[in-house]
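Everything on this sheet refers to the single structure shown next.
Values in this text are rule-based calculations from the coordinates and carry no lab data. Quick caveat: nothing in here was measured; it's all calculated off a predicted structure. Every residue, glycine among them, receives a Cβ derived from its backbone with ideal geometry; neighbour counts consider all protein chains shown.
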Amino acid sequence: MDEEQVGTGAGGAHETASAPRAVAAATPVVLVPGFWLGAWAWDAVADALRDAGFDPRPVTLPGQAPGDPRDGVTREQQVGAVVALLDELDGPVLLVGHSGGGAVVGEVVDRRPERVARVVYVDSGPLEDGAVLAPGDGDVPLPPWSEVEASSLVDLDDAALAVFRERAVPVPALVAHGPVHVSDPRRLSVPATVVCTSISSEVLRTIAHHGPPLHTELGDLADVTYVDLPTGHWPMFSRPAELARVIAAAVAG
């Protein structure tokens, strides 16, 4: 397994990872957001990728747009929406999933392993079959900031937090509490990059296994590269340019 480092120094953000190699500009980069977010969350990252010649395709999952009905929206519907997008695109894609979107992406890889050139998990990872993201019942709204781990909020100012809360949409109950379904062993052979933001790769490696606390398949992946990007849980807001560079490097393989 490979490891890279993208860090911040006293003079501001800087990149210490290798510069990305030239790749085909037409490579679609499908960006799947996590809980409470829509495609809008990727705006700054998508702009940076577009400026670098890539083809970003940010996604709003079913039930996560303002005004979307949430009753009856299931995990399978969200997974199916991303699968349908892959089926519309030409050639292999780079598939990016953040937080709870990482679980969706893991299921998409299970459905279409031959369509994914590489998968990028941003502060997330693929979950094992039967895992549930949020045990309980009912829709899941964005909690008060006082109930969010301080490490998740690193580098986010009051303005960013206010926009996040204003635009956040509760997660449909059947998505948050529904079990993950994966079964195709080919999913474990799709190359992966894991972007570690609110938790370091050193720590993540010790808990990247089946069962608690993460119920993840990260430890089963045949080809995985860990990249440390120290910031909070939402790097698309706190470090969008650096996250875009990590994604671009992942496209380069």
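Please go through the stretch 123-164 and write out the GluC sites (Glu not before Pro) that DSSP classes as loop and that have at most 13 other C-beta atoms within 10 Å. Let's see the in-between values first.
Working: sites: E128, E147, E149; in loops: E128, E149.
When the GluC sites (Glu not before Pro) of the stretch 123-164 are filtered for loop state and at most 13 Cβ neighbours within 10 Å, E149 remain.
With the contact rule set at Cα under 8 Å and sequence spacing of 6 or more, what percent relative contact order holds for the chain?
Numbers: 531 pairs, mean separation 67.2, N = 253.
Relative contact order of the chain: 27 percent.
Quick one: net charge of E114's neighbours, Cβ under 14 Å, K/R +1, D/E -1?
Working: positive: R111, R112, R115, R118, R186, R187; negative: D87, D90, D110, D184.
Summing Lys and Arg as +1 and Asp and Glu as -1 gives +2.
Counting Lys and Arg as +1 and Asp and Glu as -1 over every other residue whose Cβ lies under 15 Å from the Cβ of P213, the net charge comes to -3. From the Cα gyration tensor of the stretch 150-207, with a ≥ b ≥ c the square roots of its eigenvalues, which class applies: rounded if a/c is under 1.5, or else prolate if a/b is larger than b/c, or else oblate? Oblate, because a/c is 1.5 or more while a/b does not exceed b/c.
A Förster radius of 35 Å, combined with the Cβ-Cβ distance separating D157 from T206, puts the computed FRET efficiency at roughly 0.65.
Out of all DSSP beta bridges with both ends in the chain, state the antiparallel percent to the nearest 5. Don't skip to the answer; put the middle values down first.
Values: 6 of 33 bridges.
That works out to approximately 20 percent antiparallel.
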